[in-house]
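J.: If you scroll down you'll find the structure; I have some questions about it.
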Amino acid sequence: MSRFLRLGVNIDHVATVRNARGGTHPDPVRAAKLAIEAGADGITAHLREDRRHIVDRDIERLMAEIDRPLNFEMAATDEMLDIALRHKPHAACLVPEKRTEVTTEGGLDVIGQYDHLIRPVGDLGAAGIRVSLFIDPEPAQLDAAKRLGAPVVELHTGAYCDAHSPAEREAELARIVRAAAHAEAIGLECHAGHGLSYDTVGPVAAIPTIVELNIGHFLIGEAIFVGLTNSIARMRKAMDTARAAASQAGTGSVSQAGTASA
């Protein structure tokens with residue numbers, strides 16, 4: 001039996017547009033509600049140190065006004081840990097963060113930052129917040145996440161989505177497939193995300209050991225042309241189609257997990 005594949009919609013870049021000229025429009029909380037109506041199973045929001053898109057008030061309102069789980073993306077800093085512990089979202093995904101980056105550039109180095117991550121992972125878990133670590137699809141990083149006690153990993157799919165040739169994309173997809181299988185083997189729940197579009201989501205959605213995809217920038221950008229509800233509904237359909245096809249074929253393999261442009 002195929003596992004249900006959850007969709008988390010990241011609303012950060014609704015806030016980016018709002019902040020471009022100040023004020024309150026467009027409202028990311030309204031976007032979150034529309035996303036849920038369109039088929040999102042949860043909402044993701046990344047509160048950055050410089051508040052370049054999501055701001056503190058957005059987190060307060062999301063906690064109060066949405067009826068689906070909130071995944072709070074955050075750097076492993078004292079400031080963000082205090083905010084997470086105050087609001088107690090359903091989940092907190094620890095991500096690397098550099099002040100000069102335009103977007104998250106890669107996965108968290110759990111091995112190199114192991115000692116630094118012990119406290120936030122422990123404190124978040126003790127507060128009943130489901131901890132996820134955003135990492136590159138490398139077995140050694142998954143093993144380190146398991147040792148830390150994080151119950152969830154989110155595999156960074158950026159290298160796969162940004163591949164410059166079919167061969168390179170196939171190789172990156174194979175890394176994701178192997179990492180997702182390894183996550184299940186060592187008892188970690190496996191999510192994935194970053195850069196996914198209609199053209200790239202199918203093969204990742206077909207991987208049976210991945211249970212959640214988090215997608216944001218593409219959906220918000222596509223909404224300019226087709227509307228937010230339509231962009232999310234099409235992504236939901238593409239994910240479901242790919243997962244169902246893989247289940248019927250009895251595979252999540254690289255060779256048979258084709259794209260799912262709905």
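J.: If you go through segment 105-160, how many residues are among the charged types (D, E, K, R), part of a helix (DSSP H, G or I) and within 16 Å of residue 188 (Cα to Cα)? Give the derivation first.
T.: Taking segment 105-160 and keeping what is among the charged types (D, E, K, R), we get 105, 109, 115, 119, 123, 130, 136, 138, 143, 146-147, 154.
From what's left, part of a helix (DSSP H, G or I): 115, 119, 123, 143, 146-147.
Keeping just the survivors that are within 16 Å of residue 188 (Cα to Cα) gives 143, 146-147.
So the count comes out to 3.
J.: Turning to a different aspect of this structure: Please verify whether segment 226-245 includes one or more residues that are of a type outside the set (Ser, Thr, Tyr) and on the phi > 0 side of the Ramachandran plot.
T.: Among the residues of segment 226-245, at least one is of a type outside the set (Ser, Thr, Tyr) and on the phi > 0 side of the Ramachandran plot, which makes the answer yes.
J.: Among the numbered criteria (1) among the charged types (D, E, K, R); (2) assigned to a loop (DSSP other than H, G, I, E, B); (3) at pLDDT 95 or above, which single criterion is violated by residue 73?
T.: Residue 73 satisfies all of (1) among the charged types (D, E, K, R); (2) assigned to a loop (DSSP other than H, G, I, E, B); (3) at pLDDT 95 or above except (2).
J.: A further question follows. Quick check on my filter: what residues within segment 32-45 are open to solvent by less than 10 Å² (accessible area, probe 1.4 Å) and either under 15 Å from residue 229 (Cβ atoms) or part of a helix (DSSP H, G or I) (or both)?
T.: Correct list: 32, 35, 40, 43.
J.: Considering only residues that are assigned to a loop (DSSP other than H, G, I, E, B) and modelled with pLDDT of 95 or more, which ones fall in segment 76-104? Before the answer, list the steps.
T.: Keep residues of segment 76-104 that are assigned to a loop (DSSP other than H, G, I, E, B), which gives 76-77, 88-90, 95-104.
Once the filter is applied, which keeps residues that are assigned to a loop (DSSP other than H, G, I, E, B) and modelled with pLDDT of 95 or more, segment 76-104 yields 76, 77, 88, 89, 90, 95.
J.: Can you pull out every residue in segment 201-234 that is out of contact with any Lys or Arg (no Cβ under 8 Å at 6 or more places or on another chain), more than 23 Å from residue 18 (Cβ to Cβ), part of a helix (DSSP H, G or I) and open to solvent by less than 20 Å² (accessible area, probe 1.4 Å)?
T.: 201, 202, 203, 204 - these are the residues of segment 201-234 that are out of contact with any Lys or Arg (no Cβ under 8 Å at 6 or more places or on another chain), more than 23 Å from residue 18 (Cβ to Cβ), part of a helix (DSSP H, G or I) and open to solvent by less than 20 Å² (accessible area, probe 1.4 Å).
J.: Let me ask something else about it. Please work out which residue is nearest to the chain's Cα centre (by Cα), limiting yourself to segment 189-199 and to residues that are under 13 Å from residue 235 (Cβ atoms) and either of a type in the set (Lys, Arg) or buried (at least 22 other Cβ atoms within 10 Å of the Cβ) (or both).
T.: Only one residue tops the list, namely 193.
J.: Among (1) β-branched (Val, Ile, Thr); (2) closer than 22 Å to residue 212 by Cβ; (3) open to solvent by 20 Å² or more (accessible area, probe 1.4 Å), where does residue 24 come up short?
T.: (2)
J.: Also: Return only the number of the condition from (1) farther than 26 Å from residue 241 by Cα; (2) buried (at least 24 other Cβ atoms within 10 Å of the Cβ); (3) out of contact with any helix residue (DSSP H, G or I) (no Cβ under 7 Å at 6 or more places or on another chain); (4) aliphatic (A, V, I, L, M) that residue 140 does not satisfy.
T.: The failed condition is (2).
J.: Looking at residue 68 and the list (1) open to solvent by less than 10 Å² (accessible area, probe 1.4 Å); (2) within 16 Å of the chain's Cα centre (by Cα), which single condition is not satisfied?
T.: Just one mismatch for residue 68, condition (1).
J.: Next up: Scanning for something at pLDDT 85 or above and under 18 Å from the mean Cα position of the chain (by Cα), does segment 243-256 turn up at least one residue?
T.: yes
The values are calculated or read from the model by the stated rules, or taken from the named source; none is laboratory data. Predicted, not measured: the structure shown is a model, and the values here were computed from it. As a convention, Cβ positions derive from the backbone with ideal geometry for all residues, glycine included, and neighbour counts pool all protein chains shown. Note: accessible area is taken over every heavy atom of the protein model, side chains too, but ligands, DNA and RNA are not part of it. Shrake-Rupley method; radii C 1.70, N 1.55, O 1.52, S 1.80 Å.
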